Protein chains: 2
Amino acid sequence: MTEILKGNLVHTPSFGRLETLPGGFLLLEDGVVRGLYRSLPREYAACPVTDWGEALILPSFADMHLHAPQYPMLGMGMDLPLLDWLNAYTFRTEARFTDAAYARRVYRQLAEDLISSGTTRVAMFSSCHTDATLILMEELERAGVTGYVGRVNMDRNSGAVQEETEASLSETRRWLDACRFPHVRPILTPRFTPSCTDELMAALGELARERDLPVQSHLSENSGEIAWVRELHPDCGQYWETYAKYGLWKPGTLMAHCVHSDSRERQAMADAGVWAVHCAASNVNLCSGTAPVRRLLDQGVQVALGSDIAGGDLLAMNKAVVMAIRASKLRQMETGEPFLTVPEAFYLGSAAGCRYCGGGAGFETGYPLHAIVVDDAAMPEPARSLELAERFERAVYLMDKRHIRAVYSEGRRVLG
Amino acid sequence: MTEILKGNLVHTPSFGRLETLPGGFLLLEDGVVRGLYRSLPREYAACPVTDWGEALILPSFADMHLHAPQYPMLGMGMDLPLLDWLNAYTFRTEARFTDAAYARRVYRQLAEDLISSGTTRVAMFSSCHTDATLILMEELERAGVTGYVGRVNMDRNSGAVQEETEASLSETRRWLDACRFPHVRPILTPRFTPSCTDELMAALGELARERDLPVQSHLSENSGEIAWVRELHPDCGQYWETYAKYGLWKPGTLMAHCVHSDSRERQAMADAGVWAVHCAASNVNLCSGTAPVRRLLDQGVQVALGSDIAGGDLLAMNKAVVMAIRASKLRQMETGEPFLTVPEAFYLGSAAGCRYCGGGAGFETGYPLHAIVVDDAAMPEPARSLELAERFERAVYLMDKRHIRAVYSEGRRVLG
């Protein structure tokens with residue numbers, strides 16, 4: 001089916017580049033973008049048109065690092081040091097996901113919250129509970145969220161949610177065999193080096209190779225953690241090598257945080273095709289630091305953004321984009337690295353993750369549409385008529401779910 | 001009239017102290033707080049009760065630095081350097097307020113936005129337009145916002161909105177004579193030293209003394225500004241002395257920012273009873289820095305918070321409280337100064353400004369009620385039943401106007 005969306009189109013077709021088409025036309029064939037036009041070519045004059053009027057049509061967001069079972073503790077425990085936070089909140093909250101009915105309710109709420117906030121792509125940590133993980137994937141699928149979910153592996157230093165090594169592996173295989181979702185795919189998820197024995201890491205590396213699965217984990221979030229990893233792996237010069245040793249450091253591996261990744265670690269990411277996921281709010285909340293995003297980009301590392309709930313308190317990815325800009329301004333003041341502009345940060349929070357998931361950058365031809373329709377009419381009355389680029393910036397800073405009138409995910413209208 | 005509010009009461013009666021009364025009772029007489037009770041004393045059993053059920057009742061917020069005529073440019077121009085931002089957006093936007101009808105529309109929207117976001121106290125900059133300033137005060141009064149508004153004085157270096165010295169003074173007198181509002185009072189507002197001639201500063205100091213008026217301005221926001229002030233006033237060792245020289249540095253003077261105030265400048269504030277208004281979002285957005293809030297407090301300076309729209313992009317003061325916490329965590333990482341806890345930052349964003357305006361700290365007996373009723377039922381379902389202090393923290397981080405069911409200002413219910 002051929003159809004047209006009409007509205008004020010704004011997108012970032014490449015990093016740092018903003019393209020605006022006031023009153024433009026987006027041509028779709030079965031949900032796949034076939035063209036963007038400033039005026040509609042005559043051959044499409046008879047196609048059905050959805051006219052979004054004065055609203056903005058923007059690419060939707062991709063949240064490439066978040067912990068689904070921490071959604072219930074969003075915005076709590078933020079005054080605690082990392083280890084107390086893990087013990088008082090994180091592990092105890094995650095332990096609740098043995099209860100399938102609870103998992104169903106919380107994950108339905110989370111999936112709906114993601115869509116109504118404009119997030120249609122994710123790379124998500126579940127917990128170590130296989131059934132709850134499958135429920136999570138079902139609920140994402142139902143709401144229209146696409147991307148990756150990982151059942152978490154953790155067989156040491158993990159409090160109430162620690163697994164036996166054998167059980168961790170057999171449950172992972174049971175989970176993988178049960179994954180049959182059209183838009184939500186599995187990703188192997190060793191929690192992080194301190195919570196996985198060498199035996200588990202080796203077996204997961206083998207599984208990744210055998211079933212050709214992507215991998216996600218955490219890297220160089222804070223200095224205490226880095227020192228701990230060094231103790232656990234005295235043979236590894238740097239943190240990343242503990243993943244590389246077991247075949248988990250490979251193209252498409254997602255590494256959250258990278259706050260303290262130095263030039264050598266960054267180069268190892270670029271060389272291997274490993275992605276960094278920048279989680280600015282979490283890094284500040286937990287006093288981890290500000291990640292060297294500009295340096296990662298300059299060294300050729302692919303960077304996407306994550307909300308990292310519940311270390312992060314902002315599920316809405318436009319707020320995560322703004323926090324990435326703020327963190328980059330703080331780094332500029334400290335180190336002189338140029339801050340992220342609005343189009344740059346928006347690209348990292350939308351197109352980057354979309355490309356990771358096999359989609360296009362912005363409204364790229366040949367890829368299923370991922371978009372949000374933003375009604376900014378109720379925002380403060382401006383002093384003069386605004387350029388579309390200005391309305392785009394204002395929407396990134398100010399919008400919340402009340403402004404999001406419709407959401408398209410993988411070519412389907414899933415909200416509004 | 002005696003009445004009772006019932007609900008989950010949480011407030012900060014002093015800096016850093018959180019008091020929680022689950023299912024508590026707040027006794028009001030003609031809107032003035034007369035007592036807080038865990039169970040209702042028998043003599044009040046016949047009083048009318050407003051039962052807010054499971055909702056939280058918290059003190060409302062005080063926004064002690066914001067620019068009303070910059071509301072139309074909220075969330076725009078954030079990638080520009082300060083001077084370009086001033087010229088491309090600020091002065092041109094402020095110039096629109098010669099138009100009374102435009103001022104009426106924008107200020108009505110702003111006043112309603114403040115109340116529905118839970119802000120009932122302000123110290124606000126208007127523009128240099130007398131009539132628009134009176135319209136602003138009327139609209140605040142109508143919506144239920146209380147506090148201070150200043151007609152801005154600026155007779156040099158001020159682009160499209162610069163005034164003649166004489167006109168600035170005569171218009172200020174005309175404005176003062178026309179101020180007849182029960183809850184919104186005038187405050188003298190020299191924009192900042194670089195935009196006021198010595199003659200204007202001297203006359204304003206005289207006016208402040210003569211009519212016993214408070215004063216608000218800006219201090220030590222960024223290093224370029226500080227160098228400029230030094231050039232303009234080679235006789236003054238520090239920025240603050242340019243205000244002191246003209247009688248504007250006195251008890252109750254509000255100074256926004258103080259990002260670069262060193263120990264001597266901080267001591268001068270403490271000694272004179274001058275208040276610092278911390279505007280964390282603005283300071284990051286404009287790459288000014290992070291203010292030494294803990295040091296200001298330790299030296300005995302009174303500190304309140306401001307949204308500083310539109311240098312700040314967050315009108316909702318709970319978000320400004322969270323940004324103050326984030327900025328303090330960044331400073332802790334940099335300097336070791338302990339970060340602001342949630343109760344500390346909440347006190348600065350509510351009780352501090354309320355006390356500045358002559359009110360009480362939290363639900364202090366003897367003062368008119370300023371409160372919000374927060375319904376957190378739609379927040380993520382927790383993994384266990386939460387303590388009231390946890391719900392309070394979560395509300396500070398997550399709430400937006402959808403959660404605010406009612407607002408009380410100066411003892412009157414102004415929303416819900």
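The values are calculated or read from the model by the stated rules, or taken from the named source; none is laboratory data. Note that this is a predicted model, so its numbers are computed, not measured. Ideal geometry is used to build each Cβ from the backbone, glycine not excepted, and the neighbour counts take in all protein chains shown. Heads up: the accessible areas ignore ligands, DNA and RNA and are worked out on the full protein's heavy atoms, side chains in. Shrake-Rupley method; radii C 1.70, N 1.55, O 1.52, S 1.80 Å.
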query: What number of residues in the stretch A:50-83 are among the acidic types (Asp, Glu), touching a residue at least 60 places away in the same chain (Cβ under 8 Å) and open to solvent by 10 Å² or more (accessible area, probe 1.4 Å)?
result: 1
Leading residue by the ranking (least open to solvent (accessible area, probe 1.4 Å)) among those in the stretch B:84-110 that are without any contact (Cβ under 8 Å) to a residue 60 or more places away in the chain and more than 12 Å from chain A (Cβ to nearest Cβ): B:Ala100
Residue satisfying all of: in the stretch B:1-22; open to solvent by 30 Å² or more (accessible area, probe 1.4 Å) and among the hydroxyl-bearing types (Ser, Thr, Tyr); farthest from B:Leu340 (Cα to Cα) among these: B:Thr2
task: Could you check, for the stretch A:215-224, whether at least one of its residues is within 24 Å of the chain's Cα centre (by Cα) and surrounded by fewer than 13 Cβ atoms within 10 Å (Cβ to Cβ)?
output: yes
task: Could you tell me whether any residue of the stretch B:291-301 is open to solvent by 10 Å² or more (accessible area, probe 1.4 Å) and closer than 26 Å to B:Arg391 by Cα?
output: yes
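Which is at pLDDT 95 or above and over 28 Å from B:Ala324 (Cα atoms), of B:Gly35, B:Gly75? Walk me through it before giving the result.
On the way: B:Gly75 fails: over 28 Å from B:Ala324 (Cα atoms).
Result: B:Gly35 is the single residue among B:Gly35, B:Gly75 that is at pLDDT 95 or above and over 28 Å from B:Ala324 (Cα atoms).
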- prompt: How many residues does the stretch A:360-376 contain that are assigned to a loop (DSSP other than H, G, I, E, B) and either over 12 Å from A:Phe61 (Cα atoms) or not small (Gly, Ala, Ser) (or both)?
  reply: 10
statement: By residue number, the members of the stretch A:398-416 that are surrounded by 19 or more Cβ atoms within 10 Å (Cβ to Cβ) and without any contact (Cβ under 8 Å) to a residue 60 or more places away in the chain are A:Leu398, A:His403
- request: Being in contact with an Asp or Glu (Cβ under 8 Å, 6 or more places away or on another chain) and open to solvent by less than 20 Å² (accessible area, probe 1.4 Å) is the filter here, so list the residues in the stretch B:197-213 that pass it.
  value: B:Leu200
task: Being surrounded by fewer than 24 Cβ atoms within 10 Å (Cβ to Cβ) and more than 30 Å from A:Ala101 (Cβ to Cβ) narrows it down to one of B:Gly362, B:Gly366, B:Gly311, so name that one.
output: B:Gly366
Criterion: within 25 Å of A:Phe192 (Cα to Cα) and within 18 Å of the chain's Cα centre (by Cα) - qualifying residue of A:Ala68, A:Ala88: A:Ala68
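Do we find that A:Glu337 is buried (at least 23 other Cβ atoms within 10 Å of the Cβ) and either free of Cβ contacts under 8 Å to residues at least 12 places away in the same chain or more than 9 Å from chain B (Cβ to nearest Cβ) (or both) in this structure?
Numbers: buried (at least 23 other Cβ atoms within 10 Å of the Cβ): no; either free of Cβ contacts under 8 Å to residues at least 12 places away in the same chain or more than 9 Å from chain B (Cβ to nearest Cβ) (or both): yes.
Spelling it out, it is not the case that A:Glu337 is buried (at least 23 other Cβ atoms within 10 Å of the Cβ) and either free of Cβ contacts under 8 Å to residues at least 12 places away in the same chain or more than 9 Å from chain B (Cβ to nearest Cβ) (or both).
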- request: Those residues that are aliphatic (A, V, I, L, M) and either under 22 Å from B:Tyr89 (Cα atoms) or assigned to a loop (DSSP other than H, G, I, E, B) (or both), I need them from the stretch B:183-204; list them, please.
  value: B:Ile187
Top-ranked residue in the stretch B:215-264 [being among the small types (Gly, Ala, Ser) and in a helix (DSSP H, G or I); ranked as nearest to B:Ala352 (Cα to Cα)]: B:Ser263
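Which one is farthest from the other protein chains (Cβ to nearest Cβ) among residues in the stretch A:271-285 that are within 19 Å of the chain's Cα centre (by Cα) and more than 20 Å from A:Pro338 (Cα to Cα)? Talk me through it step by step, then tell me what you get.
Start the filter on the stretch A:271-285 by keeping residues that are within 19 Å of the chain's Cα centre (by Cα), which leaves A:273-285.
Remaining after also requiring more than 20 Å from A:Pro338 (Cα to Cα): A:273-275, A:282, A:285.
On the way: A:Gly273: 30, A:Val274: 26, A:Trp275: 25, A:Ser282: 11, A:Asn285: 7 Å.
Only one residue fits best here, namely A:Gly273.
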task: Sort out which residues of the stretch A:160-189 are in contact (Cβ under 8 Å) with a residue 40 or more places away in the chain and open to solvent by 50 Å² or more (accessible area, probe 1.4 Å), and write them in order of number.
output: A:Ala160, A:Glu171, A:Arg174, A:Pro182
query: Looking at B:Leu297, B:Leu305, B:Leu232, which one is touching a residue at least 60 places away in the same chain (Cβ under 8 Å), out of contact with any Gly (no Cβ under 9 Å at 6 or more places or on another chain) and more than 14 Å from every other protein chain (Cβ to nearest Cβ)?
result: B:Leu297
Residues of the stretch A:118-145 satisfying the condition of being open to solvent by 10 Å² or more (accessible area, probe 1.4 Å) and either within 14 Å of chain B (Cβ to nearest Cβ) or of a type in the set (Val, Ile, Thr) (or both): A:His129, A:Ile135
task: Scan (1) surrounded by fewer than 21 Cβ atoms within 10 Å (Cβ to Cβ); (2) within 22 Å of B:Leu286 (Cα to Cα) for the single condition B:His233 breaks and write down its number.
output: (2)
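Take A:Phe25 and decide whether it is open to solvent by 20 Å² or more (accessible area, probe 1.4 Å), touching a Lys or Arg at 6+ places or on another chain (Cβ under 7 Å), within 25 Å of A:Ala351 (Cβ to Cβ) and in contact (Cβ under 8 Å) with a residue 12 or more places away in the chain.
On the way: open to solvent by 20 Å² or more (accessible area, probe 1.4 Å): yes; touching a Lys or Arg at 6+ places or on another chain (Cβ under 7 Å): yes; within 25 Å of A:Ala351 (Cβ to Cβ): yes; in contact (Cβ under 8 Å) with a residue 12 or more places away in the chain: yes.
Yes; evaluated as a whole, the condition is true for this residue.
Listed residues B:Ala352, B:Ala383, B:Ala395; which is farther than 30 Å from A:Thr335 by Cα, buried (at least 17 other Cβ atoms within 10 Å of the Cβ) and in contact with a Pro (Cβ under 6 Å, 6 or more places away or on another chain)? So that I can check it myself, show each step before the final result.
Working: B:Ala352 fails: in contact with a Pro (Cβ under 6 Å, 6 or more places away or on another chain); B:Ala395 fails: in contact with a Pro (Cβ under 6 Å, 6 or more places away or on another chain).
The match here is B:Ala383.
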message: Just to be sure before I move on: is A:Leu36 part of a strand (DSSP E or B), over 30 Å from B:Val342 (Cα atoms) and open to solvent by less than 10 Å² (accessible area, probe 1.4 Å) in the structure I sent?
response: no
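For the stretch A:377-390, which positions are within 22 Å of B:Glu112 (Cβ to Cβ) and either more than 10 Å from chain B (Cβ to nearest Cβ) or part of a helix (DSSP H, G or I) (or both)?
Quick first cut of the stretch A:377-390, residues within 22 Å of B:Glu112 (Cβ to Cβ) only: A:377-383, A:386.
Scanning the stretch A:377-390 gives a single hit, A:Ala377.
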- prompt: Would a scan of the stretch A:319-328 turn up a residue that is open to solvent by 10 Å² or more (accessible area, probe 1.4 Å) and not in a helix (DSSP H, G or I)?
  reply: no
message: Here are the criteria: (1) over 30 Å from B:Gln332 (Cβ atoms); (2) assigned to a helix (DSSP H, G or I). Tell me which single one A:Arg180 does not satisfy.
response: (2)
